[in-house]
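First comes the structure, then the notes that go with it.
The values are calculated or read from the model by the stated rules, or taken from the named source; none is laboratory data. As the structure is a computational prediction, the values presented were derived from the model and not from experiment. Cβ coordinates were reconstructed from backbone atoms using ideal geometry, including for glycine residues, and neighbour counts include every protein chain displayed.
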Amino acid sequence: MNNNRKKRILIKLSGESLMGDDDYGIELKTVDKLAKNIKSFIKLNVELCIVIGGGNIFRGLAASAKGMDRANADYMGMLATVMNSLAMQNSLEKLKLETRVMSAFPIQSICETYIRRRAIRHMEKGRVVICAAGTGNPYFSTDTAASLRAAELKCSYIYKATQVDGIYSKDPKKNKDAKKYKKISYNKYLSDNLKIMDSAAISVARENKIPIRVFSILEKDCFKGVYNNNLNYSEINDV
């Protein structure tokens with residue numbers, strides 16, 4: 001494993017993490033707070049890429065369930081991730097962090113098109129890369145896109161920031177007897193049909209031996225805390 005791989009990390013954020021106290025959309029104060037969290041993480045000398053979901057604006061799967069064509073619904077969801085990525089770029093650049101949004105499909109007027117080697121070069125130069133528009137294909141989630149980009153960009157970890165502090169056997173908000181896993185294997189995660197990330201995302205991570213750390217985004221300096229092992233988290237790994 002080369003030196004770059006040791007410190008290159010992909011952060012997966014849900015679109016909902018940008019909503020703050022709102023019911024939908026983007027709350028700029030919340031995005032600014034996340035950006036400050038990311039800046040404190042960057043100071044640890046990591047190379048960073050980010051994938052953001054679009055569920056705060058449009059969720060393709062939900063629209064499909066209501067009768068919309070699935071492919072069209074998913075394309076709309078991908079466009080939602082571009083909007084979220086531009087909002088995050090704006091907040092990061094206000095903090096003087098050079099940032100590049102790279103879309104899986106061409107939107108040259110507002111961001112770069114994703115090219116693997118160019119994304120790696122940006123990170124090597126200290127820029128934050130935000131990979132937008134999922135995989136560029138319908139029927140794939142942004143979780144799967146995160147695992148795919150992590151593999152392509154030779155990331156050593158995926159950091160999955162959620163509303164709970166790790167992986168549980170059941171929904172801890174509904175089941176008091178839910179068991180929390182400190183570590184869980186890819187295979188057990190898939191066989192138990194857990195829902196933090198979809199099975200395709202876990203399979204890509206397993207094939208490329210990329211551990212996934214799951215933690216609460218609500219904690220102060222959560223990214224730095226996970227990196228330094230000062231925060232509770234669960235890890236999906238080949239254990």
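Taking the condition out of contact with any Asp or Glu (no Cβ under 6 Å at 6 or more places or on another chain), modelled with pLDDT of 95 or more and on the phi < 0 side of the Ramachandran plot, does V204 pass?
yes
With respect to V239, determine if the residue is β-branched (V, I, T) and more than 14 Å from the chain's Cα centre (by Cα).
Values: β-branched (V, I, T): yes; more than 14 Å from the chain's Cα centre (by Cα): yes.
When the stated conditions are applied, V239 passes them.
Could you go through segment 188-202 and let me know if any residue there is of a type in the set (F, W, Y) and either in contact with a Lys or Arg (Cβ under 8 Å, 6 or more places away or on another chain) or over 16 Å from T144 (Cα atoms) (or both).
Checking segment 188-202: not a single residue is of a type in the set (F, W, Y) and either in contact with a Lys or Arg (Cβ under 8 Å, 6 or more places away or on another chain) or over 16 Å from T144 (Cα atoms) (or both).
Please enumerate the residues belonging to segment 148-178 that are among the charged types (D, E, K, R) and in a strand (DSSP E or B). Don't jump to the end; show me each part of the working.
Applying the first criterion (among the charged types (D, E, K, R)) to segment 148-178 yields 149, 152, 154, 160, 165, 170-171, 173-174, 176-177.
Passing the criteria: only K160.
Look through segment 84-121, keep the residues that are out of contact with any strand residue (DSSP E or B) (no Cβ under 7 Å at 6 or more places or on another chain) and of a type in the set (V, I, T), and return whichever of them is surrounded by the most Cβ atoms within 10 Å (Cβ to Cβ).
So the residue we want is I120.
Each row is one residue, and each column tells you yes or no for (1) closer than 23 Å to D22 by Cβ; (2) touching a Pro at 6+ places or on another chain (Cβ under 9 Å).
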{"position": "L48", "(1), (2)": "no, no"}
{"position": "R59", "(1), (2)": "yes, no"}
{"position": "A65", "(1), (2)": "no, no"}
{"position": "N72", "(1), (2)": "no, yes"}
{"position": "F105", "(1), (2)": "no, no"}
{"position": "S109", "(1), (2)": "no, no"}
{"position": "R116", "(1), (2)": "no, no"}
{"position": "G126", "(1), (2)": "no, no"}
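So which pairs qualify, if the first residue must be in segment 80-106 and farther than 24 Å from T144 by Cβ, the second must be polar (S, T, N, Q) and surrounded by fewer than 24 Cβ atoms within 10 Å (Cβ to Cβ), the Cβ gap must be under 6 Å, and the two must be at least 6 apart or on different chains?
Listed pairs, sorted by first residue: L92/T99; E93/T99.
I'd like to verify a number: residues in segment 187-235 that are among the aliphatic types (A, V, I, L, M) and either assigned to a helix (DSSP H, G or I) or more than 19 Å from C49 (Cβ to Cβ) (or both), how many? I'd like the intermediate steps shown before the answer.
Restricting attention to segment 187-235, the residues satisfying the condition of being among the aliphatic types (A, V, I, L, M) are 190, 194, 196-197, 200-202, 204-205, 210, 212, 214, 217-218, 226, 231.
The next check asks that each one be either assigned to a helix (DSSP H, G or I) or more than 19 Å from C49 (Cβ to Cβ) (or both); those that pass are 190, 194, 196, 200-202, 204-205, 218, 226, 231.
Of the residues in segment 187-235, 11 are among the aliphatic types (A, V, I, L, M) and either assigned to a helix (DSSP H, G or I) or more than 19 Å from C49 (Cβ to Cβ) (or both).
Residues to consider are K195, K173, K209, K160; find the one that is surrounded by fewer than 19 Cβ atoms within 10 Å (Cβ to Cβ) and at pLDDT 95 or above.
K209
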